[in-house]
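The values are calculated or read from the model by the stated rules, or taken from the named source; none is laboratory data. Just so it is clear, the structure is predicted and the values come from calculations on it, not from any experiment. Cβ: placed from backbone, ideal geometry, glycine included. Neighbour counts: every protein chain shown.
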Amino acid sequence: MKSSVGIIMKTALKERMRRKELYIIVILAILLLLLCSSDVTSITMNGEAVTGFSNMFLLMHTLVHFVGCVLAVVLSLGTIPKEYERKNSHLVWVRNISQEAYHGGLTLANVCASLSAAAILYLALGVYAVTKGHGEVLLRMIPAFLILSLSISFVSLFVSVMSIKLPVMAAGILGVIVMVFGVFHGMIGLFKNMLGGLGGKCMSFFLFLVPDLSGIQNAACHFATGEKMEAHLIFVLLFSLWVVSLGLFIFRKKEA
Amino acid sequence: MKLFKIGYALTGFLLAACTAFTGSYGLSKTDREIYRRALSLENDMEKMGFSEFSLADYKVRFYNGNCDYVVEGENISKEDAVLDVFAGTVWEVEGEYQVLIPTYEKFSALFDMLGAAGTVSQGMSEGTMAFTEESYSENAHVATIWHEAFHAWQTNRWQDEIDALMKRVNLSAEDNREDIIVREADENPKAAALFEEEMVLLEKAYEGEGEEKKEYILKALSLAEKRREILPDSANAMEFYLENLEGSARYVESLAYRSLEGDKAWEEHYMGEFSYEKGSGKYYQMGMLKGLLLDQTGEGWQEKFSLEEGFDGALKGVCQEE
């Protein structure tokens, strides 16, 4: 089973890497990062310029996380249904490979492709840190990326698993909703408390279901900059990954 | 495959256990410390006056975004959120008024968000907020608890008078006080100019000594009287409410902060230069300033303070006595 998952993953990953969306978004994000880091552009909050390495690093870290999650949706959405459309699945069934292994392999390829794209963006962030004379964060950025990768993996895994059962459009919408609630978890949490009423209750429900990806992003950023971080969020996300991965065993494609 | 499934299930259990084990439950240490610090001010605040007012008489509900942690002395209990929104206010729960306040962590996060949206800057310039998001400290949270607890005390003591005041001018709880102030007071240039003049005179009185102080106060009070003549009843009632109830709560809040942070920080946050802004914030500031003037001129004024005469009546009385 292990080897069949590996072969499926490798083949699927090669295909993901050929997708132009990946490169377009990565290039755009790097351009944006470079633009943000240049002295020409200034980002303002309350009319005041956000300056200083720690502020800019936090801002760019948030941006990398957000783009990473968007890429995870784009790269993971529709890949499994497409395999079935192209009847590639039949080539797998004749080799007596189970649906779980097949879906698992394809999902792992989605996760790896998303993480590769995020790694490129993270590398650009590392370059920014070095150019600003903060090379000391580079080493800490490696485990920080591992923390951040949990969040991106979650989005990719969720979209992949949902696309097994739901039509592509529905899986995409659900994926985007989960991503938005996760990436802006903290902000939406505060907003629902200001909102109150039925709207606030609905938001509370979604926030309960969706893990706090913004918290993970903060934890990764804190780790990179040598600040204290909360381990609880990491365990929550690992557990969420485990729960969503159950879908790989539960959901089955009818066409198979 | 069987081994894989067992390993997979075990991983799930292990992760669930780690999640449960690392989670923090209950009211945070920070909030407990904030409440303890607020209670520790009882003696200092007793010297301030309002001898019947004690924070210990009111339960404080710390809202963490999901539920309330109700604190009374050493006891902390978890209860359903009574309001389920972020607000610093008082609320009647089972027949008693309780202080509702977000946990410090949530309040700070809220401040950060409001700061990013520019709301804090706006609140600062209007005077409804005494702190920037950077300067909102644990001690500022302590002061906010005192502010809200004082509202609980006011409500217990003066609810009938407040209702009568609002009823007299046909205002109900649904009427938005900001709308009334902006529409009826701020949009009247003459009233706005008189308010500014009054505030300048009060500030001079605060800095002044002896007879000079008294003169400034009386001049300021005569301007207040002129304002009342040109404003509609509803605006007068709302101004009276804000100046006397919110102003006195701001006065209590500022003294709690002063007690913890000292004179310099107190001056920085509460005695900044006045500039006229639309909305209700300026009445907080004016009421607080009148309270401080009464501290200088009429010792023990707190014990006699009533909603019948308000700050203006008390100041007038003090000046005439002299």
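Residues are listed down the side, and each one gets a yes or a no for (1) surrounded by fewer than 18 Cβ atoms within 10 Å (Cβ to Cβ); (2) under 17 Å from the mean Cα position of the chain (by Cα); (3) assigned to a helix (DSSP H, G or I):
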site: A:VAL159; (1), (2), (3): no, yes, yes
site: A:ASN193; (1), (2), (3): no, no, yes
site: A:LEU198; (1), (2), (3): yes, no, yes
site: A:CYS202; (1), (2), (3): yes, no, yes
site: A:PHE205; (1), (2), (3): yes, no, yes
When you scan the range B:46-95, how many residues do you find that are aliphatic (A, V, I, L, M) and without any contact (Cβ under 8 Å) to a residue 40 or more places away in the chain? 8
Is it the case that A:SER153 is under 23 Å from A:LEU246 (Cβ atoms) and either in a helix (DSSP H, G or I) or under 19 Å from the mean Cα position of the chain (by Cα) (or both)? yes
Quick check on this structure: which one of B:SER259, B:SER222 is more than 20 Å from B:GLY88 (Cα to Cα), polar (S, T, N, Q) and surrounded by 16 or more Cβ atoms within 10 Å (Cβ to Cβ)? B:SER259
Residues in the range B:27-50: is at least one surrounded by 13 or more Cβ atoms within 10 Å (Cβ to Cβ) and touching a Pro at 6+ places or on another chain (Cβ under 8 Å)? no
If only one of A:ALA170, A:ALA144 is modelled with pLDDT of 90 or more, surrounded by 15 or more Cβ atoms within 10 Å (Cβ to Cβ) and over 17 Å from A:HIS103 (Cβ atoms), which one is it? A:ALA144
Per the filter on the range B:44-79, residues in contact with a strand residue (DSSP E or B) (Cβ under 6 Å, 6 or more places away or on another chain) and not aliphatic (A, V, I, L, M) are B:TYR58, B:LYS59, B:ARG61, B:PHE62, B:TYR63, B:CYS67, B:ASP68, B:TYR69, B:SER77, B:LYS78, B:GLU79
Qualifying positions in the range A:202-212 - more than 8 Å from chain B (Cβ to nearest Cβ), without any contact (Cβ under 8 Å) to a residue 40 or more places away in the chain and of a type outside the set (Asp, Glu): A:CYS202, A:MET203, A:PHE205, A:PHE206, A:LEU207, A:PHE208, A:LEU209, A:VAL210
Which numbered condition trips up A:LEU233, out of (1) surrounded by 18 or more Cβ atoms within 10 Å (Cβ to Cβ); (2) within 14 Å of chain B (Cβ to nearest Cβ); (3) in contact with a Phe, Trp or Tyr (Cβ under 7 Å, 6 or more places away or on another chain)? (3)
Filter result (closer than 13 Å to B:CYS18 by Cβ and touching a Lys or Arg at 6+ places or on another chain (Cβ under 9 Å)) within the range A:219-240: none
Can we say A:ILE216 is without any contact (Cβ under 8 Å) to a residue 12 or more places away in the chain, within 18 Å of the chain's Cα centre (by Cα) and closer than 20 Å to A:PHE66 by Cα? no
Taking the range B:242-263, which residues are among the polar types (S, T, N, Q) and closer than 27 Å to B:GLU161 by Cα? B:ASN244, B:SER248, B:SER254
Inside the range B:251-307, can you point out the residues that are within 18 Å of the chain's Cα centre (by Cα), of a type in the set (Lys, Arg) and over 16 Å from B:GLU239 (Cβ atoms)? B:ARG258
The correct count of residues that are of a type in the set (D, E, K, R), in contact with a helix residue (DSSP H, G or I) (Cβ under 9 Å, 6 or more places away or on another chain) and over 24 Å from B:SER306 (Cα atoms) in the range B:210-246 is 1
Answer from A:ALA118, A:ALA113, A:ALA109 - the residue that is buried (at least 24 other Cβ atoms within 10 Å of the Cβ) and either basic (Lys, Arg) or free of Cβ contacts under 8 Å to residues at least 60 places away in the same chain (or both): A:ALA118
Residue check: is B:LYS226 over 20 Å from the mean Cα position of the chain (by Cα) and either within 23 Å of B:ASP44 (Cβ to Cβ) or in a helix (DSSP H, G or I) (or both)? yes
Confirm whether B:ASP68 is surrounded by 20 or more Cβ atoms within 10 Å (Cβ to Cβ), at negative phi and at pLDDT 80 or above. yes
Restricting to helices (runs of 4 or more DSSP H) lying wholly in the range A:59-133: which have 3 or more residues that are under 19 Å from the mean Cα position of the chain (by Cα) and of a type in the set (A, V, I, L, M, F, W, C)? A:99-131
Of the numbered conditions (1) in contact with a Leu (Cβ under 7 Å, 6 or more places away or on another chain); (2) at pLDDT 75 or above, A:VAL26 satisfies every one except a single condition; which is it? (2)
